[in-house]
Amino acid sequence: MIPVVSQGDLPDDLNRLLRQAALCPPTTTPPQQGLYLQAEPSGLSLRSVGEKGAVQVDFISGAAQYRRTKGGGELIAKAVNHTSRPKVWDATGGLGRDAFVLASLGLEVQIFEQNPVVACLLADGLNRAALHPDTADIAARMQLTIGDAAELLIPFAQSHDRPDVVYLDPMYPDRQKSAAVKKEMAYFHQLVGTNQDDAALLAAAKAVAQKRVVVKRPRLGVFLNQETPAYQYSGKSTRFDVYLPTPPA
């Protein structure tokens with residue numbers, strides 16, 4: 001279990017978030033080694049003992065602000081066919097960056113995140129974005145559900161309108177030879193590992209989506225679960241594989 005280190009009184013919504021995730025009660029002393037969550041009035045961040053820097057979800061400034069004000073995301077917009085105003089379920093939420101891009105395009109995005117620590121980071125970022133005038137309307141289009149999408153997609157669809165698009169961005173295998181893994185990916189590998197049931201996730205997505213399943217991959221990466229897509233959208237470093245829904249039995 002990842003420890004939570006708190007410095008001073010925390011906002012009520014952050015305290016409530018930590019309780020909902022059933023994380024360890026906050027302490028004032030960092031652990032002697034490994035990862036921990038730093039909870040502060042300014043937000044929640046994931047850190048590692050003895051290392052500088054931290055991972056925090058920030059939809060207000062930095063890269064998110066640049067993409068919101070300067071544009072970007074054209075390839076993912078094409079992949080989900082955003083001009084048709086699809087309802088999107090992001091089944092691998094992570095830090096929510098692609099979900100934010102889609103919501104910035106005016107789309108409603110339901111996000112699923114399995115890991116409670118990552119979900120806390122994402123929920124904290126959404127809470128702060130909801131309070132900022134530049135991002136409040138975007139955050140309002142992003143809803144978070146904590147749990148394993150491979151298990152939740154079909155039951156969730158029974159009580160909600162099925163999505164037009166299910167979006168998947170599975171964690172890439174750590175096999176690149178030419179570049180070091182970014183700090184946040186290294187943290188994520190420690191936190192959640194690299195094992196995932198790609199077959200179950202893709203099957204659930206294809207069973208639920210009404211129009212398409214979009215899978216983000218490295219440009220030269222293998223197909224998810226070795227299944228050939230119907231078609232692709234390729235960029236310089238990333239591509240989006242598009243799968244058609246599974247016809248009802």
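The values are calculated or read from the model by the stated rules, or taken from the named source; none is laboratory data. Because the structure is predicted, anything quoted here is derived from the model rather than measured. Glycine gets a Cβ as well: all are built from the backbone with ideal geometry, and neighbour counts include every protein chain shown. Surface areas here come from the heavy atoms of the whole protein model, side chains and all, with no ligands, DNA or RNA. Shrake-Rupley method; radii C 1.70, N 1.55, O 1.52, S 1.80 Å.
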In a strand (DSSP E or B), open to solvent by 50 Å² or more (accessible area, probe 1.4 Å), more than 18 Å from Gln114 (Cα to Cα) and not aromatic (Phe, Trp, Tyr), is that true of Gln232? yes
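For (1) free of Cβ contacts under 8 Å to residues at least 40 places away in the same chain; (2) more than 23 Å from Ile146 (Cβ to Cβ); (3) part of a loop (DSSP other than H, G, I, E, B), each residue gets a yes or a no:
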position	(1), (2), (3)
Pro86	no, yes, yes
Trp89	no, no, no
Phe100	no, no, no
Ala103	yes, no, no
With the checklist (1) surrounded by 15 or more Cβ atoms within 10 Å (Cβ to Cβ); (2) part of a helix (DSSP H, G or I) in hand, flag the one item Val57 doesn't pass. (2)
Across segment 88-108, what is the number of residues that are among the β-branched types (Val, Ile, Thr) and either more than 11 Å from the chain's Cα centre (by Cα) or under 11 Å from Ala77 (Cβ atoms) (or both)? 2
Filtered residue count, segment 25-46, keeping only those that are assigned to a loop (DSSP other than H, G, I, E, B) and among the β-branched types (Val, Ile, Thr): 2
Can you tell me how many residues in segment 209-249 are over 19 Å from the mean Cα position of the chain (by Cα) and under 14 Å from Ile154 (Cα atoms)? 4
State whether one or more residues within segment 108-123 are more than 30 Å from Pro155 (Cβ to Cβ) and open to solvent by 60 Å² or more (accessible area, probe 1.4 Å). no
Taking segment 157-190 as the search range and keeping residues that are more than 30 Å from Ser84 (Cα to Cα) and buried (at least 18 other Cβ atoms within 10 Å of the Cβ), which one is modelled with the highest pLDDT? Tyr187
I'd like to check something: does segment 69-76 contain any residue that is within 14 Å of Ala123 (Cα to Cα) and open to solvent by less than 10 Å² (accessible area, probe 1.4 Å)? no
Just to be sure, is Arg47 out of contact with any helix residue (DSSP H, G or I) (no Cβ under 7 Å at 6 or more places or on another chain), basic (Lys, Arg), farther than 30 Å from Ala230 by Cβ and loosely packed, with under 13 Cβ neighbours inside 10 Å? no
What are the pairs, 6+ residues apart or on separate chains, where a residue within segment 63-79 that is part of a helix (DSSP H, G or I) has its Cβ under 6 Å from a residue that is among the small types (Gly, Ala, Ser) and modelled with pLDDT of 80 or more? Arg68/Ser104; Leu75/Gly235
